[in-house]
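Notes follow the structure.
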Amino acid sequence: MSAPTQTTARGAAASSPDAAPRGFLGRSTRRWLLLAAGLVLALVLPWVIYPPVAMDIAAWALFAVALDLLLGYAGLLSFGHAAFWGGSAYVAGLTAVHWGLPFPLAVLVGAVFAMALAWPIGMLSVRRSGIYFAMVTLAFAQMLFFVVNQWRGLTGGENGLQGVPAGFFGVEAVEREAFWFYYAALPMIIGGMWLAWRVVHSPFGRVLVATRDNPARARALGYDVDRYRVMVFVISAGLAGVAGGLFAISHGFVSLQEVAWQTSGKVVLITVLGGIGTLWGAIVGAVVIVILEDQLASSGFDGIGIITGSVFIIVVLLFRRGVWGTVADAVARRTGRRPADEAVGAADGEDGR
Amino acid sequence: MNEILQYTVQGLAAGSFYALAALGLAIIFGVLGVVNFAHGACYMLGAVTAAVLLDLVGMNFWVALLVVPVLMFVFGVLLERLLVSRLTALDPLYNFLLTFGLSLLLVDLVKRQYGVSGLPYTRPEILTGQLSVGDVRLPTYQVFVLVFSLLVCLGVWLLMTRTRIGMIVRASTEKSELTRALGVDVSRWVTPVFGFGIALAGLAGVLAAPFRAITADMGSSFIIILFAVVVIGGLGSIVGAVVAGFLVGLVEAFGQAYAPTLSQIVIFVLMAVVILIRPAGLFGREENA
């Protein structure tokens, strides 16, 4: 089975990255402008939005980019990524509490833990693809949820892990103010996104797309499909771990919610809403969902699931290419490039459903 | 020895809910290729509907056992016609995502309407006591749930193996393309089969109503265990769903008795072992792997 992505369109776009410039601006010029705009937005975000919310957006954006790396480019839908986001959150929180590690180090330790956790889970999960992969990853994440919930002495159980310090080499502004913490954390967020971008545009990334579009042919060409899948799964888990660790430390505590399956669902929602297989879309999705939830929560509306559930249903029914995919198509049409095809994954290229 | 019999019955009773719901999940998957994430929410809706009907019109448990599945069938038919059918031609992951959104919506709608605390449900008089088998005393309700769900599973099995409808459903589960090629109009059966699967989830919900706390979240952990059940049993397999359902119930009951902190984890360890040894599940066909 193929991934829920615009298979042919992605493949075509990826194979001609430096196509002759069309329209009034060249492709690479547009790309640089986009990147500059993104960086400017990231830098001014805590000026226009309440800084803790800005930090939430940044963390969820990296989380969604990590998931999109797996879903959009390897065609694997993980419904258990909360294990890596939340697992890292707990480990980062624990190292900060007990060893007093400065937060960048604590987050890195958390991310390494997430990758170590992802290795066996990935090895087992890639034995199945498609819908099975989603269910198996979901079940493994739930296993971690129960472990965290039961191990009260270490994790605080349902009360969560309280009083996580945001140590930063004695720089008090960062340690106390959400505004400055955001700027201290931003390099890790952007670094993570850059890494995802590098992976997608590397030979490794090309092989990944091949394993997604036609695993049988990739196998015939001598690529060890399962090994590639496990590797991207581990990389994705590491990035999710960075995001989760930063999220937990910025909040000063780790809640059981971080390892719950609803968190896995939320990051899938963000990625699908933004547009699968676009990376930028994941960022747009995070901005929309985090702000929406923040507004709903502060307006006292209980029943966020009613809104997010409806958004999910509408997006899946009507805008399967997501916000970014839909806009990119419109731009492509205007500048005369061949618009991408509608995503139809009915063809069973994969080994059974 | 007595203890073991008690835990066995308790486990099989808990497994009954999984078996019935997983049966619905397996049938839907077989014919539509859809993994219904909203199955846990439908189980919850079954229990909530029974509680609301008891409260509003005083409908007793026995009538609810009949009426609620019919209502859930209608709900399932509407769901299939209005939403699911629009995506069945696409990658099955889209319907997985659609039903995930749907379950978020349903759970929070119920939560808004009836709150987070449980709805009350009085057990029918006959089912409150205990049965004595030799010198072992077993809760009547557990025995009833077990016998009732075994009868339902048997009924579904007879429906599948002895009737023309069942033959078509089995054929389209096994070899969808070939069944179509032989001139069977599979699409005619898609909607009723979906409704039937949802009705089974609703039935499990009604059965659970006097037994478990009726809350909006009661389906949330249920659906995850249900996924483990169908992975263990083999997703396309109807027998696998039932057997694995009872098996998981047993594992849960003995786990709770002898290692309470590990009981939930053991289920997923079992799943991991099955994936390692038989990726297609205990009753799944290897070509599905």
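Couple of notes before you dig in:
- Single match in A:Glu175, A:Glu158 (criterion: modelled with pLDDT under 80, in contact with a helix residue (DSSP H, G or I) (Cβ under 9 Å, 6 or more places away or on another chain) and not aromatic (Phe, Trp, Tyr)): A:Glu175
- Just one of the listed residues (A:Val112, A:Val107, A:Val91, A:Val148) is within 14 Å of chain B (Cβ to nearest Cβ) and modelled with pLDDT of 90 or more, namely A:Val148.
- Exactly one residue among B:Gly11, B:Gly46 is out of contact with any strand residue (DSSP E or B) (no Cβ under 7 Å at 6 or more places or on another chain), assigned to a helix (DSSP H, G or I), in contact (Cβ under 8 Å) with a residue 40 or more places away in the chain and within 30 Å of A:Leu317 (Cβ to Cβ), and that residue is B:Gly46.
- Test: residue in region B:189-197 that is closer than 24 Å to B:Gly40 by Cβ, in contact with a Phe, Trp or Tyr (Cβ under 6 Å, 6 or more places away or on another chain) and either surrounded by 16 or more Cβ atoms within 10 Å (Cβ to Cβ) or more than 14 Å from chain A (Cβ to nearest Cβ) (or both): yes
- Selection within region A:141-188 - more than 15 Å from A:Phe103 (Cα to Cα), crowded, with 17+ Cβ neighbours inside 10 Å and aliphatic (A, V, I, L, M): A:Ala141, A:Met143, A:Leu144, A:Val147, A:Val148, A:Leu161
- Across region B:29-41, the qualifying residues are those that are at pLDDT 90 or above and outside any loop (DSSP other than H, G, I, E, B), and the one among them that is nearest to B:Thr179 (Cα to Cα) is B:His39.
- Helices (runs of 4 or more DSSP H) completely within region B:139-256 that count 1 or more residues being closer than 13 Å to B:Leu25 by Cβ and among the small types (Gly, Ala, Ser): B:187-208, B:218-233
- Where a residue in region B:135-151 is without any contact (Cβ under 8 Å) to a residue 24 or more places away in the chain and its partner, wherever it lies, is assigned to a helix (DSSP H, G or I), with Cβ under 7 Å and at least six apart: B:Thr140/B:Leu127; B:Phe144/B:Leu127
- The residues of region B:84-123 that are more than 7 Å from every other protein chain (Cβ to nearest Cβ), over 25 Å from A:Ser129 (Cβ atoms) and β-branched (Val, Ile, Thr), listed by number, are B:Val110, B:Val116, B:Thr122.
- Members of region A:157-184 found to be in contact (Cβ under 8 Å) with a residue 60 or more places away in the chain and in a loop (DSSP other than H, G, I, E, B), listed by number: A:Gly160, A:Gln162, A:Gly163, A:Val164, A:Pro165, A:Ala166, A:Gly167, A:Phe168, A:Phe169, A:Glu177
- When A:Arg128 is tested against (1) within 14 Å of another protein chain (Cβ to nearest Cβ); (2) surrounded by fewer than 21 Cβ atoms within 10 Å (Cβ to Cβ); (3) outside any helix (DSSP H, G or I), only condition (2) is not met.
- Note on region B:152-169: residues that are more than 30 Å from B:Tyr121 (Cα to Cα), in contact (Cβ under 8 Å) with a residue 60 or more places away in the chain and out of contact with any Phe, Trp or Tyr (no Cβ under 9 Å at 6 or more places or on another chain) total 2.
- Any hit, region B:229-236, residues being surrounded by fewer than 24 Cβ atoms within 10 Å (Cβ to Cβ), within 14 Å of another protein chain (Cβ to nearest Cβ) and in contact with a helix residue (DSSP H, G or I) (Cβ under 7 Å, 6 or more places away or on another chain): yes
- Residues of region A:205-234 that are surrounded by 16 or more Cβ atoms within 10 Å (Cβ to Cβ), over 21 Å from A:Ala83 (Cα atoms) and of a type in the set (A, V, I, L, M, F, W, C): A:Val207, A:Leu208, A:Val209, A:Ala210, A:Ala218, A:Val225.
- Single condition A:Val199 does not satisfy, out of (1) assigned to a helix (DSSP H, G or I); (2) within 14 Å of another protein chain (Cβ to nearest Cβ): (2)
- Exactly one residue out of A:Leu35, A:Leu41, A:Leu69, A:Leu62 is within 20 Å of the chain's Cα centre (by Cα), modelled with pLDDT of 85 or more and within 22 Å of B:Asp91 (Cβ to Cβ): that is A:Leu69.
- Counted residues, region B:246-284 - those being more than 10 Å from chain A (Cβ to nearest Cβ) and hydroxyl-bearing (Ser, Thr, Tyr): 1
- Against the numbered list (1) over 27 Å from A:Gln262 (Cα atoms); (2) crowded, with 17+ Cβ neighbours inside 10 Å; (3) within 20 Å of the chain's Cα centre (by Cα), A:Ala114 comes up short only at (1).
- Scanning region B:65-107 for residues that are of a type in the set (Gly, Ala, Ser) and surrounded by 23 or more Cβ atoms within 10 Å (Cβ to Cβ) yields B:Gly76, B:Gly101, B:Ser103.
- Output for region B:273-286, where each listed residue is surrounded by fewer than 20 Cβ atoms within 10 Å (Cβ to Cβ) and more than 21 Å from the chain's Cα centre (by Cα): B:Val273, B:Leu276, B:Ile277, B:Arg278, B:Pro279, B:Arg285, B:Glu286
- Pairs are defined by a Cβ separation below 8 Å, a sequence spacing of at least 6 or placement on different chains, a first member in region A:56-85 that is on the phi > 0 side of the Ramachandran plot, and a second member that is in a helix (DSSP H, G or I) and surrounded by 24 or more Cβ atoms within 10 Å (Cβ to Cβ); the pairs so defined are A:Gly75/A:Thr211; A:Gly75/A:Arg212.
The values are calculated or read from the model by the stated rules, or taken from the named source; none is laboratory data. All figures in this text were calculated on a predicted structure; none of them were measured in a lab. Positions of Cβ are generated from backbone atoms using ideal geometry, with glycine treated the same way; all protein chains shown enter the neighbour counts.
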